[in-house]
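Below is one structure; the comments refer to it alone.
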Amino acid sequence: MDNPLLRFQRVVRPRADGQSRVSGRKIYILPTRYGMVFGVLLVTLLIASINYANNPAFILTFLLTGLFIQGIFHTWRNLLDLHLQWRQADPVFAGETAFFHFQLGDEKGRAHYAIQLSFAASDSIITDCPANEKVQIRLPCASTRRGLLKPGRITMETRFPLGLLRAWCYVETSARAVIYPRPLQENPGVASPSWGAAVEGNKGVGTDDFVGHRNYHPGDPLGHIYWKALAGEKGLLVKQFGGDRVNRFWLDFDALENADTEKRLCILSGAVQTLALNASYYGLRLPDEEIPIATGEAHRHRCLQALALYQMEK
């Protein structure tokens, strides 16, 4: 038998895998502080109108009451049929603010104004959703530790158009972000990954022995251009070096014996950042995974993600 609490949560919280639509029964609405003051004013005007039997005062009271009632409908309608879809999240280091990318729109093409969105205990953003358009938004959420950050439900609210009423709803999403371990530049003399050099093949792309020249290709480093040939009107040539003798480093989790697990991951994270900045070739060894030696931005993210998710539920 289904749990009554779970049934209740499904009713009050629209939930979807990556996307959600706000239906009418999911929206709550209450007066703001200004709305409460406005309500007291209406009651005061009504009592004064009855006491003095003043027809213009009755007209003003009923006019303002009608305006308030219309405001309830328009505030509620400003959230109705909004469609929120999660796109992606930017990976960050522990302690930094992660940004989650969403697409906000209305499938019926209506415009919505002054929509405020936020995760729990995080900064909010306010955006408009023009008619027949979809807007891209970035919701911030602070991170505290490595692993998968699941910010949970989004609070979507509005006070449009009068500011007298607050309508809101809760939207559950499957948003998540990878949080890398905070880089720690540890003294190698205290705890250092086992780094070593290697030699592989001879493809004419190394850094050791000069083997000749070739024509210039876009993207070749300026330091390898043979400027004397250009000055002698021989064309733009590039120096070639053989040996493929490039330093290759292994970052080994088990080599850091004098630190606990989290500190080891932080040291390895700092080492990955340093080697990636220097365009070095490096690999990563963890007790349950080994990433071969490579270089480049994609390789950096792969190593940092492996460190972030080590011994974590994925």
Quiz item: From the set of residues in segment 166-182 that are in contact with a Phe, Trp or Tyr (Cβ under 8 Å, 6 or more places away or on another chain) and among the hydrophobic types (A, V, I, L, M, F, W, C), which is farthest from Y34 (Cα to Cα)?
Solution: I179
Quiz prompt | Those residues of segment 121-141 which are assigned to a loop (DSSP other than H, G, I, E, B), open to solvent by 60 Å² or more (accessible area, probe 1.4 Å) and of a type in the set (A, V, I, L, M, F, W, C), in sequence order | solution = A121
Quiz item: Quick check: anything in segment 12-34 part of a helix (DSSP H, G or I), within 29 Å of the chain's Cα centre (by Cα) and among the β-branched types (V, I, T)?
Solution: yes
Practice problem: Name every residue in segment 159-201 that is open to solvent by less than 50 Å² (accessible area, probe 1.4 Å), part of a strand (DSSP E or B) and modelled with pLDDT under 90, in order of residue number. | Solution: E172
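So that you can scan it fast, the table gives a plain yes or no per residue for (1) at pLDDT below 90; (2) hydroxyl-bearing (S, T, Y); (3) within 30 Å of V178 (Cα to Cα):
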| position | (1), (2), (3) |
| --- | --- |
| R13 | yes, no, yes |
| S23 | yes, yes, no |
| V37 | no, no, no |
| N54 | yes, no, no |
| L67 | no, no, no |
| I72 | no, no, no |
| L82 | no, no, yes |
| W86 | no, no, yes |
| V92 | no, no, yes |
Practice problem: Return the pairs, sorted by first residue and then second, in which the second residue is open to solvent by 30 Å² or more (accessible area, probe 1.4 Å) and acidic (D, E), the first residue lies in segment 141-165 and is without any contact (Cβ under 8 Å) to a residue 60 or more places away in the chain, the beta carbons are less than 9 Å apart, and the residues are 6+ apart or on different chains. | Solution: C141/D123; A142/E96; A142/D123; S143/E96; R145/E262
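The values are calculated or read from the model by the stated rules, or taken from the named source; none is laboratory data. Only a predicted model underlies this, so the values are computations on that prediction, with no experimental measurement involved. Please note: Cβ atoms are built from the backbone with ideal geometry, for glycine as well, and neighbour counts cover all protein chains shown. All accessible areas refer to the heavy atoms of the entire protein, side chains included, with ligands and DNA or RNA removed. Shrake-Rupley method; radii C 1.70, N 1.55, O 1.52, S 1.80 Å.
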